[in-house]
1. Which residues, counting only those in segment 224-252, are among the aliphatic types (A, V, I, L, M), open to solvent by 70 Å² or more (accessible area, probe 1.4 Å) and under 20 Å from Ile71 (Cβ atoms)?
2. Any chance segment 392-403 includes a residue that's more than 23 Å from Thr189 (Cα to Cα), open to solvent by 10 Å² or more (accessible area, probe 1.4 Å) and in a helix (DSSP H, G or I)?
3. Quick check: anything in segment 266-283 in contact with a Leu (Cβ under 9 Å, 6 or more places away or on another chain) and either open to solvent by less than 30 Å² (accessible area, probe 1.4 Å) or assigned to a helix (DSSP H, G or I) (or both)?
4. Can you tell me how many residues in segment 19-77 are farther than 21 Å from Asp276 by Cβ and more than 22 Å from the chain's Cα centre (by Cα)?
5. Of all residues in segment 112-153, count the ones that are closer than 30 Å to Leu169 by Cα and small (Gly, Ala, Ser).
6. From the list Arg126, Arg131, exactly one residue is over 30 Å from Val225 (Cβ atoms), at pLDDT below 80, of a type in the set (Lys, Arg) and open to solvent by 10 Å² or more (accessible area, probe 1.4 Å). Which is it?
7. Read through the list (1) open to solvent by 10 Å² or more (accessible area, probe 1.4 Å); (2) free of Cβ contacts under 8 Å to residues at least 24 places away in the same chain; (3) within 18 Å of the chain's Cα centre (by Cα), then give the number of the only condition that Ala335 fails.
8. Being open to solvent by less than 20 Å² (accessible area, probe 1.4 Å) and under 18 Å from Asn402 (Cα atoms) is the filter here; which residues of segment 339-379 pass it?
Amino acid sequence: MIAVIALLAVVVPASRRIFVWVALALTAVQIAVHDDWMAQTVHGLSVAAFVAAFFSALTTLRHAAQTSPAIAACGRFLANQPPGRRYAALSVGGQLFSLLLNYGAIALLGSLAASSAREEKDPEIRAVRMRRMLLAIQRALVATLPWSPLSFAVAISTSLLPGTSWSTLVLPSFVSGLLLVGIGYALDTIFKPRVTRAAPRPPSEEGWGALRPLVLLLVTLFSLVATLQILTGVRTVGVVASVVPFVSAGWVAAQAKRGNRIRYLRERALNYMRRDLLAYRGEITLLSMAAYIGTVGSTLVAEWLASIGTDLSQVPAGVILVALVWVFTFAGQVAMNPILTASMILPLLPTAAAMGVSPTSIQVAVTAGWALSGANSPFTATTLITGSFAGTSPWTVGLRWNGLYSILCGTALSVWVLVYAFALS
């Protein structure tokens, strides 16, 4: 991991390289104040390596999807729905895409949505259509973050919170996802913009069967993950990081003609290594160093809190759980990456036993807060990509377009977290 970061630090922009310098500074402080600095440093590097590996594994799915005719057909079908059901279709279909492609879903569906909107000649209708479609896509992705085994919210929280697993998290966090989708749909219905002229839309030539290949791929992926987890006992996030590249390879090979699949797969693998993976060098540096900084920095912060007499075990569990829902939003407004926030804060929390709640209750709060920040932080990939397609700033997307949505979702999620922790868990 040290060698990888050293190489990446040479070629990434200064905005990413600063994370490497901060990591080095924290390491120097660790060496100066701790005799066991080596163990803490190795632990931080192991978390950073996991984040880099998990992210790289997920990018193989994006690489395979880029040339899949079936995925393109799915996206066109969703983008070309008539106004009456377009938001709902993108909310449901967008979650299927997000499960598979994560943030790549916004890039893929966003480009198709923008292309569809540009076909509208009326500028008023075009602006309304663009905003509604992009918000549906963004909120669909956000709704999968609390429970998808392919999301960083689940992967990082599972690795940092002892006694947690995806199998115990998926049902309560799926409720969190339903709240995020349902509130978004309700707001779109209640505050649906009224245009001065009707927008006739020809019916889509493709039916809902266009989504069949996407559903089949997801069923295959999740079936493999579940089977291997049962057989090996390895946690879900570890199985996902191991299985996804092989599923991607099979997907790529299936796109080639018979008799040419091995050669085609080899060429695509080389292209992925030489082009796609290198294109993500900034993201890999940012995510891995955020994980390292949070993991190592949390030790120093814990010692500082102890030195000033702060004891989080004296804070009521309900206050901590609600704070976890909102802390990611506040941190996101000052450009703190959710991985950095989680890695910094979670090690500081009292144990679940000390709080009198289950470990899953804490994880439900963390993943809910992580997802909420994806809708409102002007510095996350969701708002940056959405703003780029809409031709507006991420501040507009995060705070104006999603301001009321975030307040309502944050309130609903806070109530749900408390209900689950003290009544259902």
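1. Leu224
2. The answer is yes, given that some residue of segment 392-403 is more than 23 Å from Thr189 (Cα to Cα), open to solvent by 10 Å² or more (accessible area, probe 1.4 Å) and in a helix (DSSP H, G or I).
3. Checked segment 266-283: at least one residue is in contact with a Leu (Cβ under 9 Å, 6 or more places away or on another chain) and either open to solvent by less than 30 Å² (accessible area, probe 1.4 Å) or assigned to a helix (DSSP H, G or I) (or both).
4. Residues meeting the conditions: 27.
5. So the answer is 6.
6. From the options Arg126, Arg131, the qualifying one is Arg126.
7. It fails just one condition, (2).
8. Residues satisfying the conditions are Ala368, Gly369, Trp370, Ala371, Leu372, Ser373, Gly374, Ala375, Asn376, Ser377, Pro378.
The values are calculated or read from the model by the stated rules, or taken from the named source; none is laboratory data. Bear in mind that the values here come from a model prediction, so they are computed numbers and not experimental data. Glycine gets a Cβ as well: all are built from the backbone with ideal geometry, and neighbour counts include every protein chain shown. SASA here: full protein model, heavy atoms, side chains in, ligands and nucleic acids out. Shrake-Rupley method; radii C 1.70, N 1.55, O 1.52, S 1.80 Å.
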